[in-house]
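Report on one structure; see the data block that follows.
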Amino acid sequence: MTDALADGPPPACRRTRMNVHSGAGPCHDDRSMRRPASFALTAAAVAALAVAGCGSDSPTSTTTAAVQVPGGAYPAQGISFTAPTGWTVDSGKGALVATAQAGQATVAVWRYPRTQKLPKSQAELKAARDALLKAARKRDVTFEQIKTAPTTIAGKPAVQIRARQHIAGQPRTIRSTHIYANGAEIVIDAYADADSFRKTDAEVFRPLLRSLHVTKPRS
């Protein structure tokens with residue numbers, strides 16, 4: 001269920017876009033966590049840096065989107081979602097599939113191919129969650145867990161983590177969703193400033209996750 005953790009950067013400039021991943025990304029395998037590669041809960045910071053400095057929205061910009069329209073189809077990666085109205089959706093490079101951004105809120109979509117067995121059972125998903133949390137705390141001393149849950153997203157086994165941390169030096173609240181399917185770990189990092197997170201989460205992040213489709217990548 002996409003609401004497992006529910007509460008009761010400007011458009012990318014080509015001149016600043018970077019290849020954000022050169023190594024392995026997040027995984028439930030604790031050995032992978034020890035590699036010097038970006039972890040999804042902090043990979044959001046990389047995405048933020050990749051798109052920083054290109055827009056004109058002020059820190060006080062509000063971000064809401066109750067209505068959504070199509071706009072996020074990536075058949076080569078087997079990922080599609082419905083993009084929120086008024087948000088800028090940008091294709092990524094390497095493991096970064098796409099970003100959607102408005103004001104101070106961002107959704108970053110990643111896909112990491114995996115050769116090891118992917119978690120599927122509740123016990124395996126909990127182990128994956130524990131490894132992700134361990135790596136997040138090691139990488140970011142400001143990381144503060146809010147809530148976690150093994151769940152199902154797009155009909156696939158998944159882990160959701162909601163937390164507070166610093167992204168590109170700014171405090172943010174993040175919903176990080178890890179989906180295990182088709183030989184890959186798909187990560188949806190959705191984050192916003194603390195004041196607007198709850199509203200943006202309800203109106204944008206969770207509806208986007210509900211619209212997500214994950215299929216076998218088109219070769």
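The values are calculated or read from the model by the stated rules, or taken from the named source; none is laboratory data. Treat the numbers as computed from the prediction; the structure is a model and nothing was measured. For neighbour counting, all protein chains shown are included, and Cβ atoms are generated from backbone atoms with ideal geometry for every residue, glycine included.
Values computed for the structure shown
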{"item": "Which numbered condition Ala163 fails, given (1) in a helix (DSSP H, G or I); (2) touching a strand residue (DSSP E or B) at 6+ places or on another chain (Cβ under 7 Å); (3) over 20 Å from Ala95 (Cβ atoms); (4) not β-branched (Val, Ile, Thr)", "result": "(1)"}
{"item": "Residues being under 21 Å from Thr106 (Cα atoms) and of a type outside the set (A, V, I, L, M, F, W, C) - total across region 121-177", "result": "20"}
{"item": "Subset tally (residues that are touching a strand residue (DSSP E or B) at 6+ places or on another chain (Cβ under 7 Å) and either charged (D, E, K, R) or farther than 16 Å from Ala202 by Cβ (or both)) for region 75-89", "result": "9"}
{"item": "Unmet criterion (only one of (1) part of a helix (DSSP H, G or I); (2) at pLDDT below 95) for Val141", "result": "(1)"}
{"item": "Matching residues in region 168-208 - criterion: being crowded, with 19+ Cβ neighbours inside 10 Å, acidic (Asp, Glu) and assigned to a helix (DSSP H, G or I)", "result": "Asp201"}
{"item": "Residue in region 104-125 that is surrounded by the fewest Cβ atoms within 10 Å (Cβ to Cβ), counting only those that are part of a loop (DSSP other than H, G, I, E, B) and charged (D, E, K, R)", "result": "Lys117"}
{"item": "Any chance Ala128 is surrounded by 17 or more Cβ atoms within 10 Å (Cβ to Cβ) and modelled with pLDDT of 95 or more", "result": "yes"}
